[in-house]
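Peer 1: To start, I am sharing the structure in question, which I have written as structure tokens.
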Amino acid sequence: MRNVVSDDKINDFRDLVNSNSNFVYQIYKDKGGKNLFNLVCSCMDWITVSVRHLENAPEFDKDIDTRCMQIYSLISSIDLIFESIKQLHRVFLNERTIPFSGEKKCFDNRLFSNEDDNNYFKTIRACFGAHPVALNQENTKRFASWPFESPFNTGDLTVHLYSREVNEDDLALHLNINELLDFLKIRYSYIDVITDKVETLFFEYQKSISKHLIEHKPVPLEQLYVLKAESEKRLNNDYYNGEINDLIMIFEAVVTEKALIPIANSYKDSLLPLIKEIKNNLQEMNIVDLENDSDLRIRSDLSRELSYEIGKFYTWVHGGRYDPLLNYYFERFNAVADGRFDFKETDDIKLTFLKVKLMLAI
């Protein structure tokens, strides 16, 4: 069984679900008033659990009782995988259909010839462990016998289905493990179909949203307000939201010290290419790492020297909670910068944020 399925397929699908700026999360966290993203996560988790169990399952035991329970574990794992696949199909492809409905490819010499593969698998699951003492076959109550070695090469295991009716003949249901594994491989491979659909859905969404032009504003701060609203509508990516919010703080900051005004203006000018890049990427729905954010995410010798204080300072800025060591951080900043930026607790938080950026940029 170890070579039948691999968790590579479900891992790749999980990576897809978490890619594209969490497109699946943004679209399906509230789909018609239902959180279908939670359903997607549950399906992926149980597929992973089941596949990894099968990858690590031991060889079938010689003792038939132990082997019967191992086979029931195999059937249950297949059932978990297929039930999860069906739910993913409902989320991404069609909520009114069931994949492979009507197909009869996997099971030869089936006892109940009217059942397709999906339903015949349910019959096998019921008879070999799910509820063998409470069956309902051919309009009569039946009960599965103790599984035993199949006679005359008819299968790997066989059960007799006893009838509740007096003088009614038993039925013999044969189980072929290779047929079960074929059923598993076909169902598990359906993840490829779902993957293609998710990729198509994102492409169509990307194409549709990019048709809506983002309003151009000549004033940088006004443009940032527009970008903030557009970013929240266009996948609401945390990285882009954070960049925009930091830029808004910088451009809203009012500098009153005459010596700092030209430095601040020059620094703000250096950020204009970043604003343009954010706008272009949001317009094209190309949510990738930004190339022009080096002036915003400054990494210098000074930033390394003050790494502890700056980290705590940013936590204070973005966290909204008072830090009792704030004056200590300001003292360190003033000492390192020779008082050039006059950090003090009475300054507006936006101005202080800008001053830190100026300090690191010099």
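Peer 1: Please report the carbon-and-sulfur percent of the accessible area for region 198-273; probe 1.4 Å, protein heavy atoms only, DNA, RNA and ligands left out. Walk me through the numbers on the way to the answer.
Peer 2: Working: 2410 of 4090 Å².
Answer for region 198-273: carbon and sulfur cover 59 percent of the accessible area.
Peer 1: I would also like to ask the following. Note the per residue figure in Å³ for the convex hull of the C-alpha positions in region 49-170. Let's see the in-between values first.
Peer 2: On the way: hull volume 16.6 nm³, N = 122.
For region 49-170, the hull spanned by Cα atoms encloses 136 Å³ per residue.
Peer 1: Using unit Cβ charges (K, R positive; D, E negative) and no other charged atoms, how large, in debye to the nearest 20, is the dipole of the chain about its Cα centre? Could you put the intermediate results ahead of the total?
Peer 2: Values: 44 positive and 58 negative charges, 170 e Å.
Dipole magnitude for the chain comes out near 820 debye.
Peer 1: Sticking with this one: Give me the angle, in degrees from 0 to 90, between the Cα long axis of helix 261-270 and the longest principal axis of the Cα atoms of the chain, rounded to the nearest 10.
Peer 2: Value to nearest ten degrees: 30.
Peer 1: For region 118-170, take N as its residue count and report Rg(C-alpha) divided by 2.2 N^0.38 Å.
Peer 2: Working: Rg = 11.3 Å, N = 53, 2.2 N^0.38 = 9.9 Å.
The value comes to 1.14.
Peer 1: Over the Cα atoms of region 300-352, what Rg and Dmax result, in angstrom?
Peer 2: So, for region 300-352, Rg and Dmax equal 10.7, 28 Å respectively.
Peer 1: Stick to the Cα atoms of region 257-362, pair each with every other, and give me the Kirkwood hydrodynamic radius in Å at one decimal. Provide the component values of the computation, followed by the final result.
Peer 2: Numbers: mean 1/r = 0.0663 Å⁻¹.
Every distinct Cα pair counted, the radius reaches 15.1 Å.
Peer 1: Okay, moving on. What is the spread of the Cα atoms of region 113-253 along each of their three principal axes, largest first, in whole Å?
Peer 2: Cα extents, longest axis first: 90, 26, 24 Å.
Peer 1: Label 7 Å along Cα→Cβ of residue 328; region 295-322 residues with amide nitrogen under 20 Å?
Peer 2: Within reach of a label on residue 328: 303-322.
Peer 1: Which value, in Å², gives the accessible area per residue of region 208-345 when a 1.4 Å probe is used on the protein heavy atoms? Mind showing how you got there, number by number?
Peer 2: Working: 7710 Å² over 138 residues.
Ligands and nucleic acids excluded, the figure is 56 Å² per residue.
Peer 1: Quick check on my link table: of 122/197; 29/312; 217/276, which ones sit more than 22 Å apart, alpha carbon to alpha carbon?
Peer 2: On the way: 122/197 27 Å; 29/312 33 Å; 217/276 11 Å.
Where the Cα-Cα span goes over 22 Å, the pairs concerned are 122/197; 29/312.
Peer 1: Given just the C-alpha atoms of the chain, how large is their convex hull per residue in cubic angstrom?
Peer 2: Numbers: hull volume 72.9 nm³, N = 362.
Value for the chain: 201 Å³ per residue.
Peer 1: Determine the share of region 1-125's accessible area contributed by carbon and sulfur atoms, expressed in whole percent, with a 1.4 angstrom probe.
Peer 2: On region 1-125, the fraction of accessible area on carbon and sulfur atoms equals 44 percent.
The values are calculated or read from the model by the stated rules, or taken from the named source; none is laboratory data. What you see is a predicted model, and the numbers here were worked out from it, not measured in a lab. Virtual Cβ from ideal backbone geometry, glycine too; neighbours counted across all protein chains shown. Surface accessibility is based on the protein's heavy atoms, side chains included, excluding ligands, DNA and RNA. Shrake-Rupley method; radii C 1.70, N 1.55, O 1.52, S 1.80 Å.
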